[in-house]
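Trainee: Questions regarding the structure given below will be posed in turn.
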């Protein structure tokens, strides 16, 4: 009964989403207050229905109901309870349901927050969110229904894909999706502003906290995904420029541009049309990413062909949502001119460069990701784009971006007088260069030009971001959460740059064949292979190796990497063993059985790799801090819109 | 105005490219295997019941057969077994089994205990042949025509519905020997 109940709840949610969209958009257009009042009710009803559907599917997973096709495809009675819950979003249909669920939760949050907004604007925002939700619900019900029954029921499930059986999977998609979906709020605000034909600084102030929150979730989600890939896939890399990763990275880049552009719109009333475009773009890329990844379009060009019905639906949805928004933009954006100006060298110009460079970076990633698809569509033959393309093109836009950050953070709004800060800038740059080169060459004793450049930029960003807040703090001046959040996020970025530079420059990798008792040395560590033994898991059998690690004679750890064979899908996965030691990340993966007790073993020592994820987390925390700034909550107190009057440093 | 129309133009261009991508896709039906319409992968593996003999794909040419991937470790295969026995009794298409990553003595015990629906069972201990066939999990069943072309693939346990709706019409449309 439960699957049918869930299916029914989803259909009701679809109808409520339609009502929400209609009453929101039409009610605001006609100024009908009763219609607009009905929107909130539709939002609540839809949230309850969607939550019911999720609960029903989850119950089928937990109760091992293999008469549900989706459960039979992605679960198994031997699967531990934790993964049976996580298996809900282990494949296409369930991920869509998760998307819809998170959208419903965001919409409820917006409905609560929107009570302070002008009723028309809030009705339009919720109406656009209803439209997005309607599209997703229709797509799910028409082509990807997770509640379909299997007749006869399967005796047991085909199990969750083994590489997804990991604690990382349980948390990674929900957090990533919360970020993705969160950009729909910025999108809805943008559409509402265009429908109104009016966009003021208050609008930017209302939009900012939502966007920054979504961005923080997305940052966390990407870092978790990278972390999961690092220890589960066993290749030892943390970023592969894989289409799936790119799909989450492009909205992040554009979203980063958006939160900076929104800051300018908020503080100075500038960049209005640019902010709108970025809001549309960030959401479009989230949409594209979710669909392309989940329908398998990007992973293999041919799986797009696998289900043309799904593909056509996706395309139609993209054209209606994105095409509609861009059409609205072409119509309304020209009216949203702002007449305030700024000088070259003012903070606005640095933020403009920030925006342009981030969009270029996203564009290069986009081109590289979609190149195979486009080549295939135009019959140019198979084409593969990898790190040799991504690394240099990405660096070309990101290096100037990092250099400009340290300058721009000291620039004033409106007036371009960077000369006042000349000495601060010079001193921090020199300190950064000395510190970075000293650490790189002192600790590791080698490096390339890019090592020095990267490390210097990273340290400079940290020093430059800290100068102003520390100065204000010493003088006993108050620091708003917005400023603290921004500083924390920039320090996180600086740390990320340092960590990435170090990892790229000083990683040591060895692939060796070891017999029991033999050892291999790498970067001051010694790895002694003790042999292998069989291990039994709940739904797999495994071979575990025992390797004793020492550093210059001192015991570090006993690592036990495994090779697992899952019973149902017969897939072999490599469980790497990872240990932190004095900032180094030691990774051990068990390779092939070479016979006579000899095994191939992969040893990697990556200095500071954990800092990459930690830095991303710090950035996300900075975002969360900034989003909780009091001025966003006090927005109701009708702040007089004084064009360009705000010259508070920082923020 | 034109400046503001540019994003829409770029997007529509992209939509056209994506549209072409879908257009080139096969008109209908879910493609579950890239093997469909292609020659079945060649193999030569030891026979489960006569280990000195080989089950070879070349010997199977000239008639329809169902290539069924199974293993004693696979719960779903046990559920499928009765259906396989019914297929054998129908006598329309011979079943060739692929015992996948399995213990041969356990597999023999399984067939003795539950009945042997297969004309021959190839033992694929290493899983190499299953990789050639693009097997994702067990059970999976491929229908191969007399010219050695894979015409249908079913993932999961074979059912009466699949047998009567998918397999039977294909086999009876071109009876054995008249390819």
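Only the coordinates and a few stated rules stand behind these numbers; no lab work does. Owing to the predicted nature of the structure, the values given are computational and were not obtained by experimental measurement. For neighbour counting, all protein chains shown are included, and Cβ atoms are generated from backbone atoms with ideal geometry for every residue, glycine included.
Trainee: Give the peptides B:158-170, A:49-61, A:22-34 in descending order of average Cβ contacts within 10 Å, highest first.
Mentor: A:49-61, A:22-34, B:158-170
Trainee: With all distinct Cα pairs included, what does the Kirkwood hydrodynamic radius of region A:159-272 come out to in Å, to one decimal, could you say?
Mentor: 15.5
Trainee: Which value at 222 nm does the protein assembly as shown reach when only helices count, each DSSP H run of 4 or more adding -39,500 (n - 2.57), with the total divided by all residues and rounded to the nearest 500 deg cm²/dmol? Let's see the in-between values first.
Mentor: Values: 25 runs with 461 residues, N = 830.
One gets -19000 deg cm²/dmol as the mean residue ellipticity at 222 nm.
Trainee: Based only on Cα atoms, what Rg/Rh ratio does region A:387-465 have, Rh being taken as Kirkwood's radius?
Mentor: Values: Rg = 14.4 Å, Rh = 13.7 Å.
Radius of gyration over Kirkwood radius for region A:387-465 works out to 1.05.
Trainee: I would also like to ask the following. Using only the alpha carbons of chain A, determine the length spanned along each of the three principal axes and report them from longest to shortest in whole angstroms.
Mentor: 80, 74, 52
Trainee: Taking only the alpha-carbon positions of region B:34-173 and ignoring solvent, what does the Debye formula give for the base-10 log of I(q)/I(0) at q = 0.22 Å⁻¹?
Mentor: -1.61
Trainee: Where the Cα atoms of region A:1-161 are projected onto their three principal axes, how long is each span, largest first, in whole Å?
Mentor: Per principal axis, max minus min of the Cα coordinates gives 57, 27, 21 Å.
Trainee: Determine the distance separating the Cα centre of region A:546-567 from the Cα centre of region B:95-147; give it in Å without decimals.
Mentor: Centre-to-centre distance over Cα atoms comes out at 37 Å.
Trainee: Quantify how strongly other chains surround peptide A:510-517 by giving the mean number of their Cβ atoms within 10 Å of each of its Cβ atoms.
Mentor: So the per-residue partner count for this stretch is 0.
Trainee: Something else: Quick one: if you stick a label point 7 Å off each Cα along the C-beta vector at residue A:473 and residue B:3, how many nm between them?
Mentor: Those two pseudo-labels are separated by 4.2 nm.
Trainee: Compute the FRET efficiency between residue A:26 and residue A:628 as 1/(1 + (r/R0)^6), taking r as their Cβ-Cβ distance and R0 = 41 Å, and round to the nearest 0.05.
Mentor: Computed FRET efficiency for residue A:26 and residue A:628: 0.75.
Trainee: Quick one: compute the contact order of region A:579-622, relative version, from alpha carbon pairs under 8 angstrom and 6+ residues apart, as a percent.
Mentor: Relative contact order for region A:579-622 comes out at 35 percent.
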